[in-house]
Amino acid sequence: MPSKKQYDIIVIGAGPAGSSAAFTAAEQGARVALLEEHEQVGTPVVCAEGLSRSTIKGFLDIRPEWIACSLDGAVIRGPSGREFTIEYPGCGWILDRMVFDAALADRARACGVDIKTCAKAVGIEDSEIIVHEHGVEQRYCYRQLIGADGIVSRVGRWMGLDTRIGAENLEVCAEYLVENIEVRTHYASLIVGMDNAPGGYAWIFPKSASAANIGLGIAPHMTGYNARWILDQWMQREFPKGRIIRRTFGGVPAKILPRFSGSDFFLVGDAARLTDPLSGAGIATAVKSGMFAGEGAVRRLHGKPDNYEARLSKYILPELRYHRRVRNGYLKMTDKEFEKIFDVSRKIFEGTTVQDISIRRIVTRILLSSPHILRIAFNLLF
Ligand SMILES: Cc1cc2nc3c(=O)[nH]c(=O)nc-3n(C[C@H](O)[C@H](O)[C@H](O)COP(=O)(O)OP(=O)(O)OC[C@H]3O[C@@H](n4cnc5c(N)ncnc54)[C@H](O)[C@@H]3O)c2cc1C
């Protein structure tokens, strides 16, 4: 007979969202289990590991041992290959996700969370989770459930939410961790243009002076080529001597759900599709939504309103909704229009030191910079 064990809260998935939910709930006294299908938390890494300081400030202090490289700005490359640099000292980091994810899980373990690895949730029946744990079926009972099972999430669907992502709401990504190359440390390179990354962008995120995460995300409905093929062509052109030591393929959701919770469950991080539709960044929103859900679940255990959706609406959703609108315009842009915006941005940013980058402010500044750009924006929107 399969064994049964009762928890106040069960969290499925030990990425940044799941671990943050688990330690937040356990720190407030709940009995929590955290289920992870892989043998080791933090592997495999499916991420370019970039984190901007402003998005995580006030939620998590980033420790030196989690950082592969700190960032002081960005290099922007347009479709024709021209570049300019934005100086933004201390703007963020390239993390070591293996270390970062493991550290968040360690914090959960330290406050009493029961972490179960090699434990894949395969279904739910009457407030019981069916888990294949080291090849054996187990059943765990919960009072509140937190779905933190990433982009492949099934928890939402098990609980009756439509979390499916169509091709138009998805960025398909390919990325290699490459060694034996010359890297401009402390600067993240962002590259746009239809040949470089149709409907998305390409990146070079430094891990050291000789290694970087090099990848791209594309909108699959905008090209007949796949992301891996485009990346391989680029690698041959720009980094012929690079040694690939890790290959990563994955997706980034660009969809905003109408609901993120039900009476006995919460969705967090990528499972809730809480990823920035423009940049693809999801680490900070994973941590924040995880913390909100962990706290919300404990409030429910005490018979109080959870405030989860209200906190998402206050701290996360306004920016995601705005970036989604910008993405809609971005997807319609031609290389000629990219070049014009590149020229305007270069005039604004080159040679200056930036203290704060908000997409809303950048877009406003660019739009107001020339009547020509305003005309492009008008055409894209209407
Ligand atoms: C190529 C690429 C590059 C990216 N680069 C960046 C970047 O530079 N910066 C950034 O902020 N974001 C980036 N992202 C997005 C970022 O990786 C995610 O938003 C982030 O990892 C979300 O965290 P999460 O905890 O919600 O999900 P995940 O990190 O995906 O964690 C989900 C966990 O759930 C586990 N799991 C899944 N199903 C089950 C199950 N049934 N049972 C048990 N466990 C399960 C998985 O094994 C996994 O450990 C990138 C994404 C991709 C694909």
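The values are calculated or read from the model by the stated rules, or taken from the named source; none is laboratory data. Small disclaimer: the values here were computed from a predicted structure and weren't measured. Positions of Cβ are generated from backbone atoms using ideal geometry, with glycine treated the same way; all protein chains shown enter the neighbour counts. To get the accessible areas, we keep the full protein, side chains included, count just its heavy atoms, and leave off ligands, DNA and RNA. Shrake-Rupley method; radii C 1.70, N 1.55, O 1.52, S 1.80 Å.
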Note: among 306, 343, just one is open to solvent by 20 Å² or more (accessible area, probe 1.4 Å) and in contact with a Gly (Cβ under 8 Å, 6 or more places away or on another chain), namely 306
Has the stretch 211-219 got at least one residue that is touching a Pro at 6+ places or on another chain (Cβ under 8 Å) and surrounded by fewer than 21 Cβ atoms within 10 Å (Cβ to Cβ)?
yes
Exclusive hit being more than 24 Å from residue 252 (Cβ to Cβ) and either of a type in the set (A, V, I, L, M) or at pLDDT below 95 (or both), set 195, 126:
126
Restricting attention to the stretch 262-289, which residues are touching a Leu at 6+ places or on another chain (Cβ under 7 Å), of a type in the set (Ser, Thr, Tyr) and more than 25 Å from residue 177 (Cα to Cα)?
289
Any residue in the stretch 244-268 that's modelled with pLDDT of 95 or more and away from the ligand (no atom under 11 Å from the Cβ): show its pairings with residues that are open to solvent by less than 20 Å² (accessible area, probe 1.4 Å) and of a type in the set (Ser, Thr, Tyr) at Cβ separation under 6 Å, as long as the two are six or more apart or on different chains.
244/176; 261/308; 266/308
Hey, among the residues in the stretch 52-75 that are aliphatic (A, V, I, L, M) and assigned to a strand (DSSP E or B), which one's farthest from the ligand (Cβ to nearest atom)?
75
Would a scan of the stretch 241-249 turn up a residue that is in contact with a strand residue (DSSP E or B) (Cβ under 8 Å, 6 or more places away or on another chain), among the aromatic types (Phe, Trp, Tyr) and in a helix (DSSP H, G or I)?
no
List every residue pair whose Cβ atoms lie under 6 Å apart, where the two residues are 6 or more positions apart in sequence or sit on different chains, the first residue falls within the stretch 9-20 and is part of a strand (DSSP E or B), and the second residue, located anywhere, is polar (S, T, N, Q).
9/144
Inter-residue pairs, beta-carbon under 7 Å, first closer than 19 Å to residue 71 by Cα and in the stretch 174-203, second among the acidic types (Asp, Glu), 6+ apart:
186/72; 187/72
Filter the stretch 139-152 down to residues that are in contact (Cβ under 8 Å) with a residue 60 or more places away in the chain and not in a strand (DSSP E or B) and give me whichever is farthest from the ligand (Cβ to nearest atom).
143
Kindly indicate which of 284, 293, 271 is among the aliphatic types (A, V, I, L, M), part of a helix (DSSP H, G or I) and more than 8 Å from the ligand (Cβ to nearest atom).
293
Segments classed as strands (runs of 3 or more DSSP E), wholly inside the stretch 87-138, with at least 1 members that are outside the structural domain of residue 74 (by TED's automatic domain parsing) and without any contact (Cβ under 8 Å) to a residue 12 or more places away in the chain:
119-125, 128-133
From 155, 192, 136, grab the single residue that is open to solvent by less than 40 Å² (accessible area, probe 1.4 Å) and more than 14 Å from the ligand (Cβ to nearest atom).
192
Scan the stretch 273-286 and report the pairs whose first residue is farther than 16 Å from residue 311 by Cα and assigned by TED's automatic domain parsing to the domain that holds residue 308 and whose second residue is more than 7 Å from the ligand (Cβ to nearest atom) and part of a loop (DSSP other than H, G, I, E, B), with Cβ atoms within less than 6 Å and a gap of 6+ or a chain change.
277/254
